[in-house]
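First comes the structure, then the notes that go with it.
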Amino acid sequence: MSNDKNSIWSLFASVKLALFVLFFLASASVIGTVIPQNSPAEEYVKLYGANMARLFQILDFQDMYNSWWFVLLLVMLGLNLTICTIERLPNVWRLVVLDNLATDIDRLAGMRPNKQILTSMAPEEAAAKARAGLAENGWQAKEAVRDNGILLFAQKGPWTRLGVYAVHSSILIIFAGAMIGSYFGYKGSVMIPETRSTDSIYAFGDQKEIKLGFEVLCKRFTLTKYPNGAPKEFRSDLAILENGKEVLTKSIVVNDPLSYKGHTFYQSSYQSYQKFLISLTDNQSKNAELFLVEPGKEIKWPLEEVSFGIINRELNQTSMQYRYKIWFKDSSGAAESFWIVDGDTATVKLGDTEYAFGLKEFFATGLQVTKDPGVWYVYIGCAIMLLGLMVAFFLSHRRIWVFIKRENDETSVLVSGNANKNKPTFEKNFAAVSASIEEKLKSLS
Amino acid sequence: MTSSQLLGISTIGYLLASALYIATLIFKTKKSGVAASILTLLTFLVQTVGIGLRWYESYQMGVGHAPLSNMYESLVFFSWSIVIFYLLLELKFNNRLLGAFAIPFAFVSMAYASFGKGISQEISPLIPALQSNWLIAHVVTCFIGYAAFAVACGLGAMYLLKSSAEDKADPGLIGTLPDLRVIDDIIHKTMVFGFLWLSAGIITGAIWANSAWGTYWSWDPKETWSLITWFIYAATLHARFTRGWQGKRIAWLAIIGFLSVIFTYFGVNFLLSGLHSYGSS
């Protein structure tokens, strides 16, 4: 490796670069929250003047988060995380799997915390006591003969050293999920009038038509309101049609979409047409027909020789629902007028014939449609990030060594410990362990 | 008793508790410190009942939902989170002098909720976008994080006060503050805690956005500012873990980070427009 390559490599492995990238990402992100994003070009000229607008165009400020330089910053963050991990993980892994029974005995006395206990017991007996003292506090010790003495070693959470790398890789997993989503998925929308179906939707941005490979039918859209007039619920009764046959139905609301074959349909808006859907059924002959009606116009149903129209409406202030006055007659001259609440079906008799008369306002439902095969990677990344953060922040690798050696006519028991994080808590644990060991050593001596 | 009366009492309670904590700091009287803690705890209980009652009242009105849906309710919950976080901190570190730098935040939040311009105290029904189980998870995780960052900011100010006083010959009453190393340690732990919850808050928000709109991230100003805040604290933690930053630098970063939190919370609602406009009135 040349020196040049080395220095670029070490730059990308450095935390210094990470700090710079985080700082630039934070500052650059501000721009897009202040300057409106994805507005038409005229808007920028109007807001900032022609010269500034041209500058914005050059710097991609009108779609900043997708600009080459912002993506470059994200790529730098990704590279930084990757190279920093490649650089450090092997060393950390060595610490995770390290044989601590091979630790240099001379280092034990220099560790903090440590405690030396002297006893007259034979080393083998003292080792058994120390092992029992460790076990009492939940530490399982391994043993080796070292430097004419006995070394016991116990540890907890060596794997917790990997927590920070879990967090770093979770960010890479989230990036990967986002890329999968943007290359293999789409986001679009579609308006489907009630009783109609569609087999394609339109992508955001370029409005390109996307074929679904099946049909989506909007059977019914209902809008309910609170007494204060605020919207309470937008509900679309949808059905999926394969070759004209219904294979799935679901009533969707905001926060509860419909998914089918990787495509997901979200309730996002609606359109009203000042028109009404009227369904008429002759209860005897079972003749039925659906009409799309404008208020104030006479509609004829030749088959049954009847005609009808909507002549008035009235708002109920508590239910926030309209009711409509209907005029209904047949060729013999029998006529009926009645009120019907939006969405209801009434039974009406004209002469000897009974009709079911249903009315509802006619809407189109606005659906947002997405396909995002990357979303589960993003969620898995998020879960790993939270778990990794907990491990990295709150758990530590704690180690305790006990070295037992005969010195003159006494046995020295040196208990030493070490934790990579949360040292005060470890010191308390260590004090409890060394107290247990001391007690055991004293009890039968 | 109505919830708004109880929450009004809590506002006054936190004002008095702030005064007592500050008096404790100035006069070094042990009794006023104990009184401050007791008053804070009592006010906290009153406030908790107030929030619970508001929840119940919304069901009485037929528009039942957790009281976490608009600016007023979020400010009350912010104040509540600061207090519970502070009380646990006081218990853990057994130091009442920290209160003078934390409880005033709880009071200001309540006072702003009660008297702020354009903040409606009415219980209003949930619009369709907010009708989701993620509402509670998202708001609670975010505000636990925000509360921790508020306390970290207060402690940062405490650190800077103390360290500038130590440079002088006679540190006076500031000299009674905890040891700088202790404050530094608490700031760090508080920020770590806040960072974890902020991460959880952003993630729950992303999952919610995906179930409501089909995109987990849309660079909406609120989202973007929460990410900016996340970057700031992430940078702070890296500076400390790997480059050994501590003391004044970290204290300043605790303050800067909290300014970013405040902007995410208020600034975005009032100055910028976007999808996340529920909290603005």
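Restricting the first member to region A:14-42 and to residues that are more than 7 Å from chain B (Cβ to nearest Cβ) and over 24 Å from B:LYS222 (Cβ atoms), and the second to residues that are among the polar types (S, T, N, Q) and buried (at least 17 other Cβ atoms within 10 Å of the Cβ), the beta-carbon pairs closer than 6 Å and six or more apart or on different chains are A:LEU17/A:ASN80.
For A:SER251, the conditions (1) assigned to a strand (DSSP E or B); (2) more than 17 Å from A:PHE184 (Cα to Cα); (3) facing chain B (nearest Cβ under 10 Å) all hold with the exception of (3). Number of residues in region A:351-410 that are in a strand (DSSP E or B) and touching a residue at least 24 places away in the same chain (Cβ under 8 Å) equals 29.
Screening A:ASP237 with (1) touching a residue at least 24 places away in the same chain (Cβ under 8 Å); (2) more than 11 Å from chain B (Cβ to nearest Cβ); (3) among the charged types (D, E, K, R); (4) on the phi < 0 side of the Ramachandran plot gives one miss only, at (1). Give all pairs with beta carbons closer than 8 Å in which a residue from region B:54-66 that is touching a residue at least 60 places away in the same chain (Cβ under 8 Å) and closer than 15 Å to B:LEU6 by Cα meets a residue that is among the hydrophobic types (A, V, I, L, M, F, W, C) and part of a loop (DSSP other than H, G, I, E, B); count only pairs at least 6 apart in sequence or on separate chains. The qualifying pairs are B:ARG54/B:ILE123; B:GLU57/B:ILE123. Can you confirm whether region A:198-210 contains a residue that is buried (at least 19 other Cβ atoms within 10 Å of the Cβ) and out of contact with any helix residue (DSSP H, G or I) (no Cβ under 7 Å at 6 or more places or on another chain)? Within region A:198-210, one or more residues are buried (at least 19 other Cβ atoms within 10 Å of the Cβ) and out of contact with any helix residue (DSSP H, G or I) (no Cβ under 7 Å at 6 or more places or on another chain). Once region A:303-348 is narrowed to residues that are assigned to a loop (DSSP other than H, G, I, E, B) and among the hydrophobic types (A, V, I, L, M, F, W, C), the residue that is nearest to A:PHE291 (Cα to Cα) is A:LEU303.
Quick one: count up the residues across region B:105-131 that are within 14 Å of another protein chain (Cβ to nearest Cβ), more than 24 Å from A:ILE252 (Cβ to Cβ) and not polar (S, T, N, Q). Final tally of qualifying residues: 2.
I'd like the full set of residues that are within 30 Å of A:GLN321 (Cβ to Cβ) and within 12 Å of chain B (Cβ to nearest Cβ), limited to region A:184-221. Steps first, answer last, please.
Initial filter on region A:184-221 (within 30 Å of A:GLN321 (Cβ to Cβ)): A:189-198, A:216-221.
Across region A:184-221, the qualifying residue is only A:SER189.
Taken over region A:118-141, the residue count meeting the criterion of being touching a helix residue (DSSP H, G or I) at 6+ places or on another chain (Cβ under 8 Å) and touching a residue at least 60 places away in the same chain (Cβ under 8 Å) is 12.
Can you tell me which residues in region B:227-244 are more than 10 Å from chain A (Cβ to nearest Cβ) and either assigned to a helix (DSSP H, G or I) or touching a Leu at 6+ places or on another chain (Cβ under 9 Å) (or both)? Don't jump to the end; show me each part of the working.
Narrowing region B:227-244 to residues more than 10 Å from chain A (Cβ to nearest Cβ): B:240, B:244.
B:ARG240 - this is the single residue of region B:227-244 that is more than 10 Å from chain A (Cβ to nearest Cβ) and either assigned to a helix (DSSP H, G or I) or touching a Leu at 6+ places or on another chain (Cβ under 9 Å) (or both).
Looking at region A:377-435 only, could you name the residues that are within 14 Å of chain B (Cβ to nearest Cβ) and polar (S, T, N, Q)? Hits for region A:377-435 are A:SER396, A:ASN420, A:ASN422, A:THR425. Entry remark, region A:411-443: residues being free of Cβ contacts under 8 Å to residues at least 24 places away in the same chain and not in a helix (DSSP H, G or I) number 1 in total.
Among the residues of region A:262-273, is any in contact (Cβ under 8 Å) with a residue 12 or more places away in the chain, closer than 30 Å to A:GLU304 by Cα and assigned to a strand (DSSP E or B)? Yes: one or more hits. Between B:TRP208, B:TRP225, the distinction of being at pLDDT 90 or above, hydrophobic (A, V, I, L, M, F, W, C) and either touching a Lys or Arg at 6+ places or on another chain (Cβ under 9 Å) or surrounded by fewer than 22 Cβ atoms within 10 Å (Cβ to Cβ) (or both) belongs to B:TRP208 only.
Within region B:211-222, track down each residue that is assigned to a helix (DSSP H, G or I) and either surrounded by fewer than 20 Cβ atoms within 10 Å (Cβ to Cβ) or more than 7 Å from chain A (Cβ to nearest Cβ) (or both).
Step one: list which residues in region B:211-222 are assigned to a helix (DSSP H, G or I), which gives B:211-213, B:221-222.
Answer for region B:211-222, where residues must be assigned to a helix (DSSP H, G or I) and either surrounded by fewer than 20 Cβ atoms within 10 Å (Cβ to Cβ) or more than 7 Å from chain A (Cβ to nearest Cβ) (or both): B:SER211, B:LYS222.
Looking across A:LYS297, A:LYS360, A:LYS371, A:LYS329, one residue alone is among the charged types (D, E, K, R) and touching a His at 6+ places or on another chain (Cβ under 8 Å). It is A:LYS371.
The values are calculated or read from the model by the stated rules, or taken from the named source; none is laboratory data. Because the structure is a prediction, the values reported are computed rather than measured. Positions of Cβ are generated from backbone atoms using ideal geometry, with glycine treated the same way; all protein chains shown enter the neighbour counts.
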